[in-house]
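A short reminder: the numbers here are calculations on the coordinates, not readings from a lab. For clarity, every value in this text was computed on a predicted model and none was experimentally measured. Note: ideal-geometry Cβ built from the backbone for every residue, glycine included; neighbour counts use all protein chains shown.
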């Protein structure tokens, strides 16, 4: 019997959601978790999709790397991960002049913004570049 079928689908999906939420929250990739759990990124994806259940040793290594309680990831019981403090945000200062974010070829005509066409003067371009011959 396949190890992933030993647990009910609901339990596997709940475990998958907990594992994925912690990995996303910590901003860690499948590749990083796989390296720590000594498995492949595809296997980690299968765990998070509920298609497979991690072996106990792999779950232990992944949980330790994710700084999460192994029991909480596996069953939902135990201590959920502790929240990180919010990152400090730089103070927002009012800019006295609004910036003109228009394209250099845009200009306002009345209440309409138009884009000026680019006109190439072919007479000025003659003689420039490589000579053939």
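For this structure, a couple of remarks:
- Some residue of the range 2-25 being closer than 18 Å to residue 77 by Cα, surrounded by 17 or more Cβ atoms within 10 Å (Cβ to Cβ) and free of Cβ contacts under 8 Å to residues at least 12 places away in the same chain: no
- Scan of the range 26-44 for residues that are surrounded by 15 or more Cβ atoms within 10 Å (Cβ to Cβ) and within 18 Å of the chain's Cα centre (by Cα), ordered by number: 26, 28, 30, 32, 33, 34, 44
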